[in-house]
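Q: Have a look at this one.
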Amino acid sequence: MGVSFKPERLRRYRDLARLLWKYGRSDLVKTVGLDEALVGEVLPTDGAAAEAEQLADDLETMGPTFVKLGQLLSTRADVLPAPYVEALTRLQDRVAPVPVKQVVDVVESELAMPLLVAFREFDETPLAAASLGQVHRALLPDGAVVAVKVQRPGVREEIAEDLAALRDVAEFLDAHTDWGRRPPRESPARGVPAQPSSTSSTTASRRRNLTTLARNPRVVRTGSSCRCRSKG
Ligand SMILES: Nc1ncnc2c1ncn2[C@@H]1O[C@H](COP(=O)(O)OP(=O)(O)O)[C@@H](O)[C@H]1O
Ligand SMILES: [Mg+2]
C-alpha cells in the first residue's frame, strides 16, 4: 500500500520492535512484520519488563528522540499510571550527560572563542542533562551568573533519522490496521486537571536549577548561537 521499510533504518526498526515487544505490544510488532527484524534475538516474554524505571532506562538508551517522548509521557498523568509518570520525570533533567570535553568543543566552536574568554567560570558538572542538551552554570566576564544550554553533538541528524523510522512504522499501522486508523479519542486533555503534572514537573526542575542562577532569566545575545545558548 505504498508503505515500505528502508533497509538503512533496520537498526531503528529493530529498537522500536524490541521496545514494543518488551512493553506488551508484540501484536503490533507482528502486524507490522517487524518480528522478522528480531529473528535470532532472545526475546523477553511479551510485556515481561513493564517496570516504570526500566521503561525510563530503555528510553534513555534509545537516545534523544525517545528521551523527549518519555518527557512528553511524563506529562500525561491522564494516560499513564502514577509510577510511570514519576519514573519518566527523571528524563526532564537527569539523563547521562555528554562528557565535558565535548561540551567545551561545542561551546568554543559555536562562540568562536576559547571557553575562558567567553566565561570567567564554567561549571564542569551540568545542572541538568536532558534530551536535546544540557545546562551548565557559568559566569560571564562581567561576573553575571548564566545558564549555558549546550546542544548534544549530532542530535539533529539522529532525531531526523529516528523520526523517519517512526513515521515509516506509523504509516504502515495507519494503512494496515484498524488500530492505526482509529481516530484520536475525544480530547482526553479535557479530563486533565487545570495544572497538569507535566507543567509542574518541568517547572519544578527548572526552578530547582534556577535557584543557583539569576532570578529573572534573560537571553544573553552576545553569548548565544544555535547550539549554545546563555541565559542570565
Ligand atoms: N535557563 C535555565 N535555567 C536553569 N535550568 C534550566 C534552564 N533551561 C533549562 N534548564 C534545565 O535543563 C533541563 C533541560 O532543559 P530543556 O530546555 O527542557 O531541554 P530538553 O529539550 O533537552 O529537555 C530542564 O528540565 C531544566 O531542569
Ligand atoms: Mg525538557
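The values are calculated or read from the model by the stated rules, or taken from the named source; none is laboratory data. Keep in mind the model is a prediction, meaning the values are calculated, not measured. Here Cβ is always computed from backbone atoms with ideal geometry, including for glycine, and neighbour counts include all displayed protein chains. Heads up: the accessible areas ignore ligands, DNA and RNA and are worked out on the full protein's heavy atoms, side chains in. Shrake-Rupley method; radii C 1.70, N 1.55, O 1.52, S 1.80 Å.
Q: With Val135, Val146 as the choices, which residue is under 20 Å from the mean Cα position of the chain (by Cα) and buried (at least 19 other Cβ atoms within 10 Å of the Cβ)?
A: After ruling out the rest, the residue left standing is Val135.
Q: Within the range 120-166, track down each residue that is assigned to a loop (DSSP other than H, G, I, E, B), within 16 Å of ligand 2 (Cβ to nearest atom) and not hydroxyl-bearing (Ser, Thr, Tyr).
A: Correct list: Pro126, Leu127, Ala130, Leu132, Arg152.
Q: Out of Pro83, Pro97, report the one residue that is modelled with pLDDT under 95 and either open to solvent by 20 Å² or more (accessible area, probe 1.4 Å) or not in a loop (DSSP other than H, G, I, E, B) (or both).
A: That would be Pro83, the only listed residue that is modelled with pLDDT under 95 and either open to solvent by 20 Å² or more (accessible area, probe 1.4 Å) or not in a loop (DSSP other than H, G, I, E, B) (or both).
Q: Let me ask you something else. Among the residues of the range 73-98 satisfying the criterion of being within 16 Å of ligand 2 (Cβ to nearest atom) and in contact (Cβ under 8 Å) with a residue 60 or more places away in the chain, which is farthest from Pro126 (Cα to Cα)?
A: Arg76
Q: Do we have Val117 as in contact (Cβ under 8 Å) with a residue 40 or more places away in the chain, in a helix (DSSP H, G or I) and either among the hydrophobic types (A, V, I, L, M, F, W, C) or under 30 Å from Ala144 (Cα atoms) (or both) here?
A: no
Q: So, one more: In the range 100-129, which residue that is open to solvent by less than 20 Å² (accessible area, probe 1.4 Å) and under 19 Å from the mean Cα position of the chain (by Cα) is nearest to ligand 1 (Cβ to nearest atom)?
A: Ala128
Q: Is there any pair with a first residue in the range 125-147 that is hydroxyl-bearing (Ser, Thr, Tyr) and a second that is within 7 Å of ligand 1 (Cβ to nearest atom) whose Cβ atoms are under 8 Å apart and which are 6 or more apart or on different chains, and what are they?
A: Once the first residue is hydroxyl-bearing (Ser, Thr, Tyr) and sits in the range 125-147, its partners that are within 7 Å of ligand 1 (Cβ to nearest atom) give Ser131/Lys68; Ser131/Gln71.
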